[in-house]
Amino acid sequence: MRKQLLAFAVFLVLAAATMRVLRHLGFIDLPPNVAPIAALALFGGTYLPRRLAFLLPMATMAVSDAIIGFYHPGIMASVYASFLLSGGLGLWLRKRKRMTTVTAATLTGSVAFFLVTNAAVWWFGSLYPHTATGLLASYAAGLPFFRNTVLGDLGFVGLMFGAYELNVLFLRKRRAALEPS
């Protein structure tokens, strides 16, 4: 059963990477910042073996960024770091999987992504003056994207965690049905 669950988890990783690329190429119409990567990182930390928990989401980002295009290294590093934090939250969730803790971890990851990436845009970019007022302006400009981030993260976490847990139930019932009485 472990191999089947790992295969299912890897399928979700590949589906998320494909979706990210197709969205950026214009084949899938989603609002900005509605993406499966934070959910994938949280999922990976929760369900994948530790050696893959961070590797697969980061590889997903690297491969899809190679196709989509790279951007400012400092801003890119902040995005990757935010997703690593989501993976770390997933590790924390491993023995605490309840709807409330998964929701709290998802929202924590969304808030961290907003704070870290908007600060990076302010710090490394030239759109905002490098003052406290400029940082606040960066956060204010990011608020519409933050809403999309939260909705996307909650939706994709619900899909990934829900699909995985349903698969676990299905495999358990199937195995129980096959066992001799």
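Tell me whether the range 70-86 contains one or more residues that are within 23 Å of residue 172 (Cβ to Cβ) and either touching a residue at least 12 places away in the same chain (Cβ under 8 Å) or of a type outside the set (S, T, N, Q) (or both).
no
Do the conditions hold for residue 166, that is, is it within 19 Å of the chain's Cα centre (by Cα) and more than 25 Å from residue 71 (Cα to Cα)?
For residue 166, the condition - within 19 Å of the chain's Cα centre (by Cα) and more than 25 Å from residue 71 (Cα to Cα) - is not met.
Residue 23 passes all but one of (1) farther than 30 Å from residue 176 by Cα; (2) without any contact (Cβ under 8 Å) to a residue 12 or more places away in the chain; which number fails?
Unmet for residue 23, out of (1) farther than 30 Å from residue 176 by Cα; (2) without any contact (Cβ under 8 Å) to a residue 12 or more places away in the chain: (2).
Are there helices (runs of 4 or more DSSP H) fully within the range 28-142 with at least 2 residues that are surrounded by 15 or more Cβ atoms within 10 Å (Cβ to Cβ), in contact with a Lys or Arg (Cβ under 9 Å, 6 or more places away or on another chain) and modelled with pLDDT under 95? List them.
Once the helices (runs of 4 or more DSSP H) in the range 28-142 are filtered for at least 2 residues that are surrounded by 15 or more Cβ atoms within 10 Å (Cβ to Cβ), in contact with a Lys or Arg (Cβ under 9 Å, 6 or more places away or on another chain) and modelled with pLDDT under 95, what remains is 37-47, 55-68.
The values are calculated or read from the model by the stated rules, or taken from the named source; none is laboratory data. The structure displayed is predicted, hence computed values, not measured ones. All Cβ positions, even for glycine, are placed from backbone atoms using ideal geometry, and neighbour counts span all protein chains on display.
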